[in-house]
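Working notes, structure below.
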Amino acid sequence: MALKEEIARRRTFAIISHPDAGKTTLTEKLLLFGGAIHIAGAVKSNKIKKTATSDWMEIEKQRGISVATSVMGFNYGDYKINILDTPGHQDFAEDTYRTLTAVDSVIIVVDVAKGVERQTRKLMEVCRMRNTPVIIFVNKLDREGRDPFDILDELESELKISVRPLSWPINIGEKFKGVYNIYEHSLDLFTPDKQRVSERVEIDSVDDPRVDEAVGDTDAAKLREDLELIEGVYPEFDKEAYLRGEVAPVFFGSALNTFGVKELLDCFVQIAPAPKPVMAEEREVKPEEEGFSGFVFKIHANMDPNHRSCIAFVKICSGRFERNAPYKHMRLGKTLKFAAPTAFMAQKKSIVDEAYPGDIVGIPDTGNFKIGDTLTSGESIHYKGLPSFSPEMFKYIENADPMKSKQLDKGIQQLMDEGVAQLFTNQFNGRRIIGTVGQLQFEVIQYRLEHEYGAQCRWEPISLYKACWIESDDAEALAAFKKRKHQFMATDKEGRDVFLADSNYVLQMAQSDFPKIRFHFSSEF
């Protein structure tokens, strides 16, 4: 099949949400429709299997959360679909942020009872930064929840995006009878069943008498009234506006009961974008170009101490990737060949001979890769750095075993390269500060330093509010700022200036006192 056809049939997207909104369940049901699994529940999120019985495993078992993005590829009709199921837990948000750089569109899952939660708002900001098209799936309609119109209003105000329902529920909770598919003008009746798909009634329009037969006169009248209101309030669905990231189609359903998922998937493959051009530092790279290029957006270090293998996840941006072909590693300036690149189906890996733009390939990593590295078939291009966001928790990291300082330094360096957290070096006293987005990360770092690098660390408290990267076109203003704030200045691992504000008030005062300084809350600027 020609390169252009392969690209046109690919859909690469991430599923994001607050924890417990039903992300992994929705992923399972999408796989069920794709024939990738034959019974829902066969794919659980990427829990780290068979490792040493360790505290880290215990943390995971006790908390029952996904800690890593899992990648799943399958065919659905004429389409090749790549799903990235992301961790919902905010302590692993950095992983999710980076995953969003590797996808062409996003499905956000919202719980009908809880509405939009804090984590969902933050993830939406990242989508907005990159103009990523978003589809919203309102889940758990078989449980009591909020009025669908209230949910739509909240989605618009909280996520700051226009919405357009493409399906509409008939009641919710115990009275939930089904969903009217506005996009395809069909009626899907609800029968609670976790494995089977509910029945569909083919109708010409919502005025068809079969609607009254199926759901009863009262509910049919309410449905028509609601749809009239929707047509009056919300403009016609505009696919181009969706692709520009200006409007979000909304679907309703119950992922656990496999309801409303097929409608979502059928509409998604039709309207979602195929792999798009990616901006490199030198130029825009189009997927249909002959030359191969791609970037590493995630490195997953295996927790199994017997096999300290890492896998670098590479998003293919252009051309065709081939096994055993020589590719140039731009940062190292070396040419590398990959004998065992893998494709993923959750934890199952299979060796691939070729892959196309939009696909995610796993490459065994022996320490050659950092997040953001670019691979090409020869041309000198560099994909922009992946964003690191301003951490929210900070601690000094100190060596607890002076005999093992080399191991500690190596461990900190490798874990920071993997993107587990961020390292800042205080310019005033030279102490190292680790910044993370959640408390759980500190436990993970300490455990891994001890078990993977044989190094002991201890944490010491530091009271900080925010780390922000600073820059200015005025060298004098920058020097004056650094002199005034010298106790709060640090450098990140790339050597860039970072201001460590110890309170919101201090940060606001700094911003008003130094108008010529630009403060950035993500490292991509």
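The values are calculated or read from the model by the stated rules, or taken from the named source; none is laboratory data. All figures in this text were calculated on a predicted structure; none of them were measured in a lab. Glycine also receives a Cβ, built like all others from the backbone with ideal geometry; neighbour counts cover every protein chain displayed. Each accessible area value is taken on the protein alone, full model and side chains, heavy atoms only, with ligands, DNA and RNA left out. Shrake-Rupley method; radii C 1.70, N 1.55, O 1.52, S 1.80 Å.
Compare ASP78, ASP212 by solvent-accessible area with a 1.4 Å probe and give them largest first, with all protein chains kept in place.
Sorted descending by solvent-accessible area, the residues read ASP78, ASP212.
Working out 0.36 nm times the residue gap between LEU189 and HIS329, then minus their Cα-Cα distance, what length gain in nm do you get to one decimal?
The LEU189-HIS329 span can extend by a further 45.1 nm.
What do you get for GluC sites (Glu not before Pro) in region 110-198 restricted to DSSP loop and a cutoff of at most 13 other Cβ within 10 Å of the site's Cβ?
GLU144
Report the local net charge at ASP474: Lys and Arg +1, Asp and Glu -1, summed over other residues whose C-beta lies under 12 Å from its C-beta.
In short, -1.
Whose amide H sits under 5 Å from the amide H of SER167, counting only residues 5 or more places off or on another chain, with H placed in the peptide plane?
ILE182, VAL250, PHE252
Please report, in debye to the nearest 20, how large the charge dipole of region 93-170 is about its Cα centre when each Lys and Arg carries +1 at its beta carbon and each Asp and Glu carries -1 there.
Here the size comes out at about 240 debye.
Calculate one ³J(HN,Hα) per residue across region 280-285 by plugging θ = phi - 60° into the Karplus curve 6.51 cos²θ - 1.76 cosθ + 1.60, and present them in order as whole Hz with x for glycine and proline.
9, 5, 7, 6, 7, 9
Relative to the present Cα-Cα distance, how much length would full extension add between ALA340 and ASP238 at 0.36 nm per residue of separation?
Here the segment from ALA340 to ASP238 would lengthen by 32.4 nm.
Specify which residue in the list PRO391, PHE488, ALA467 is farthest towards the positive end of the charge dipole of region 375-525, using unit charges on the beta carbon of Lys, Arg (+1) and Asp, Glu (-1), about the Cα centre.
Positive-end residue among those listed: PHE488.
Which pairs in the list LYS384/LYS404; LYS4/LYS114; LYS23/LYS175 are over 32 Å apart, alpha-carbon to alpha-carbon?
Listed pairs above 32 Å: LYS384/LYS404; LYS4/LYS114.
Could you go through region 137-153 in sequence order and give the Karplus-derived ³J(HN,Hα) for each residue, using 6.51 cos²θ - 1.76 cosθ + 1.60 with θ = phi - 60°, rounded to whole Hz, and x for Gly and Pro?
My calculation for region 137-153 gives 10, 8, 9, 6, 6, 7, 10, 5, x, 7, 5, x, 5, 5, 4, 4, 4 Hz in order.
Under the rule of at least 5 residues apart or a separate chain, name every residue whose amide H is placed under 5 Å from the amide H of ASP497.
Hits under the 5 Å cutoff: ILE470.
Please list the non-local residues whose amide H lies under 5 Å from the amide H of TYR76, H modeled 1.01 Å from N, same-chain partners needing a gap of 5 or more.
Placed amide hydrogens put ILE81 under 5 Å from TYR76.
Report, in listed order, any pair from LYS122/LYS276; LYS406/LYS466; LYS140/LYS262 with a Cα-Cα distance greater than 21 Å.
Exceeds cut-off: LYS122/LYS276; LYS406/LYS466.
Rounded if a/c is under 1.5, else prolate if a/b is larger than b/c, else oblate: which is region 132-181, with a ≥ b ≥ c the root eigenvalues of its Cα gyration tensor?
prolate
So which trypsin sites (Lys or Arg not before Pro) in region 200-278 end up in coil per DSSP with only 15 or fewer other C-beta atoms within 10 Å?
Listed in order of number, the matching sites are ARG244.
Find the centroid of the Cα atoms in region 248-272 and in region 372-446, then give the distance between the two in whole Å.
If we compute the Cα centre of each part, the gap is 39 Å.
Rank these by accessible area, largest first, 1.4 Å probe: ASP20, ASP147.
Largest accessible area first, the residues go ASP20, ASP147.
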